[in-house]
Amino acid sequence: MCLNNFSKTFKKIGSRESSGTFGTEEFDLIEVEKFEFGNLKENNHIFSRANNPRIDKNLLGMDILGNRPVFFSYKGNEIILDVDDVPKIKQFENIYPDPKGLQPYIPIKCGDHVLNALWDTGAGITIVDTNFIERNQDLFELVGESEGTDSTGEKMTTPNYKIKSLVIGGFSFAPHEVAAVDLFHVSSKSQNPISIGLGFSTIKQADWYFDFSKNLWAITKFHANLI
């Protein structure tokens, strides 16, 4: 939850540290008596509240989404929680286990490399580890640079590349821009070291079904024109 006049009305009951791609930030913990989002209702739920005014997004985390099936349709601009009718999916794939249950990791293929990727709707652009790019320069084309902001509000200018070969869930994604970031400090804190974090620039090209309670996911529809 971002810092504003409304969130300031809640009493701080603790704190937690959160790491982003570029930095680390401390958040207040607050208790919200009643929270509703569509058909989702939570009572006396603990939220993180930003102290940094640069953090201007309110995000639903895995503490809320992680116990239910969720359908993400970016072409339709909708999220359906607790899906009753599972889309016609030929084959589900497993979500890589996360000991803390906080983030979904899925297998992807970049060139001939099968990689562990973080699926991150909070990231505006897909990020790729600079070391992986250096070792596989034939899979990337330098196109410029841009300034990015992570979940802690930290900003950094990164070189941007066009990724030439990316297969997820059996679908070949069209070449599109990604940002090169040194992910060593992120991977070093996780039991699931990653070379790629899938952000909105990639995720928006498909509709996704996740059943976090069963550790299953699939792409239900591919939109190659949504780049």
Task: Residues 146, 18 arranged by fewest to most Cβ contacts within 10 Å - done: 146, 18
Open item on the list: If neighbour count is taken as other Cβ atoms inside 10 Å, put 165, 213 in order from fewest to most.
Closed with: 213, 165
Task: Under 12 Å, Cβ to Cβ, from residue 139 - net charge with Lys/Arg +1 and Asp/Glu -1 - done: 0
TODO: Apply the Karplus parameterisation 6.51 cos²θ - 1.76 cosθ + 1.60, with θ equal to phi minus 60°, to every residue of segment 35-51 and state each ³J(HN,Hα) to the nearest whole Hz, in sequence, with x for glycine and proline.
DONE: 9, 10, 9, x, 8, 8, 10, 10, 10, 6, 8, 8, 10, 8, 10, 5, 9
TODO: Per DSSP H run of at least 4 residues, take -39500 (n - 2.57); add these up for the chain, divide by its residues and hand me the 222 nm value, nearest 500 deg cm²/dmol.
DONE: -1500 deg cm²/dmol
Task: residue 221 long-range amide H proximity, modeled H, under 5 Å - done: 207
- [ ] Please order 82, 138, 120 by the number of other Cβ within 10 Å, starting at the fewest.
- [x] 138, 82, 120
Task: Check: the chain dipole with +1 on Lys, Arg Cβ and -1 on Asp, Glu Cβ, in debye - done: 300
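Just so you know, all these numbers are worked out from the coordinates, no wet-lab data involved. None of the values given here were measured: they were computed from a predicted structure. When we count neighbours, we look across all protein chains shown, and the Cβ atoms used for this are built from the backbone with ideal geometry, even at glycine.
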